[in-house]
Amino acid sequence: MLTSPALRRRALELGFDLCGVSRAVRHPKLSRLADWYASGQAGDMVYLADVRGERADPRALLPTARTVVSLAVVYNSAQPYSTAAVADGAVAVSRYAWGADYHDVLRPRLRDLVMWMDAEHGPGLEALSSVDDGPVQERVFAEAAGLGWIGKNTCLINPRLGSWVFLAAIVTNADLEPDTPGVDQCGTCTRCLDACPTGAFVEPYRLDATRCLSYLTIEARGQIDPAMQGAVRDRVFGCDICQDVCPWNARAATSDDPDWQPRRALLYPKLVDLCRLSDEGWRLLLRQSALRRAGLARLRRNLACAAAHLPATDRAAALDALESQPSATDPRVAAAIVAARAGP
């Protein structure tokens, strides 16, 4: 018999760190999505608006849905962030991309969990799973399932584990006992809002993606807005600042899972070395990595923006190396190189 307690136990056995259950209903918080899309703060992420109906109500995705199973996995390694580590010509890659691509790791675990659910439930189970690649607002339902609360920095925060977690969800017609929703514990703290270098938080709990370094270096498809290029600095793929400063991450849980351990080439690499890396070198580095999301041309665009802040000699060496690569003909890369030669 499929029950919520048995489901949680099986999820932990399969490598998930948290599992909770909520009702598959239109969540009140999702009423804000339409306004967020209309404001233009989603930027190039038009695919989000294209499935707004499914995101607003999981029953639009699965008409028979009664339950959303929310899952989380800690990806934080024991390697701490260090301001000193990104000094002296080094750059930072967002912590979630240090190891293996989480999609590749979590999908098999989800598949195994759904297969177990099917065996426990018996005939008639319907289930759709997602690892941020489907029209499910994982954070909202994770909060509803008691996995934590959505903080002022829009990340899900668990009071025991912190916010360095990957989220996944299963929408199913199984009728399971829901958990108690998470309770906001941000209080009066505004460290994440104050630390954001681009002012991307227009207000607590609301992010203007077009000003967020994670969006600019990963999702933005064209040239980075000239007014924002200077903000890239040493953040060449994503940005963890709002999580680094969060008090709930001061004692965040760490994982010894080999999949999340940093690849040496991505742990504070030298900017000049990345600029010199050949297409073949990048192909090997991007294999089974979340960096594939940006693609090589956008990564080199980001490197050029970061190179603008190097001392003149190092800047010239980095930009000359980028200019010698085949992708230098890409308009995004070429424009970023020209802008960077002028300095910050």
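Numbers for the structure displayed
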{"item": "Subset tally (residues that are farther than 19 Å from Arg283 by Cα, part of a helix (DSSP H, G or I), under 29 Å from the mean Cα position of the chain (by Cα) and of a type outside the set (D, E, K, R)) for the stretch 305-344", "result": "12"}
{"item": "Scan of the stretch 236-247 for residues that are open to solvent by less than 30 Å² (accessible area, probe 1.4 Å) and assigned to a helix (DSSP H, G or I), ordered by number", "result": "Cys242, Gln243"}
{"item": "Tally of residues being outside any loop (DSSP other than H, G, I, E, B) and under 22 Å from Arg292 (Cα atoms) across the stretch 220-235", "result": "3"}
{"item": "Residue among Asp133, Asp194 that is of a type in the set (D, E, K, R), farther than 17 Å from Val25 by Cα and not in a loop (DSSP other than H, G, I, E, B)", "result": "Asp194"}
{"item": "Residues of the stretch 270-296 that turn out to be farther than 18 Å from Tyr102 by Cβ, surrounded by fewer than 16 Cβ atoms within 10 Å (Cβ to Cβ) and in contact with a helix residue (DSSP H, G or I) (Cβ under 7 Å, 6 or more places away or on another chain), as a count", "result": "1"}
{"item": "Some residue of the stretch 248-259 being open to solvent by less than 60 Å² (accessible area, probe 1.4 Å), in contact with a helix residue (DSSP H, G or I) (Cβ under 9 Å, 6 or more places away or on another chain), closer than 30 Å to Pro226 by Cβ and outside any loop (DSSP other than H, G, I, E, B)", "result": "no"}
{"item": "Among residues of the stretch 145-163, those that are crowded, with 23+ Cβ neighbours inside 10 Å and either of a type in the set (Val, Ile, Thr) or part of a helix (DSSP H, G or I) (or both), counted", "result": "1"}
{"item": "Meets criteria (at pLDDT 95 or above, within 15 Å of Gly151 (Cα to Cα), part of a helix (DSSP H, G or I) and open to solvent by less than 40 Å² (accessible area, probe 1.4 Å)) for Cys186", "result": "no"}
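Results for (1) over 16 Å from Gly20 (Cβ atoms); (2) open to solvent by less than 40 Å² (accessible area, probe 1.4 Å); (3) within 19 Å of the chain's Cα centre (by Cα), shown as yes or no for each residue.
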| position | (1), (2), (3) |
| --- | --- |
| Asp88 | yes, no, no |
| Ala92 | yes, yes, yes |
| Asp101 | yes, yes, yes |
| Val114 | yes, yes, no |
| Glu120 | yes, no, no |
| Pro123 | yes, no, no |
| Leu128 | yes, no, no |
| Pro135 | yes, yes, yes |
| Val140 | no, yes, yes |
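The values are calculated or read from the model by the stated rules, or taken from the named source; none is laboratory data. All of these numbers come straight from a predicted model, not from anything done at the bench. Note that each Cβ is placed from the backbone with ideal geometry, even for glycine, and that neighbours are counted across all protein chains shown. Protein only, heavy atoms only, side chains kept; ligands, DNA and RNA dropped before computing areas. Shrake-Rupley method; radii C 1.70, N 1.55, O 1.52, S 1.80 Å.
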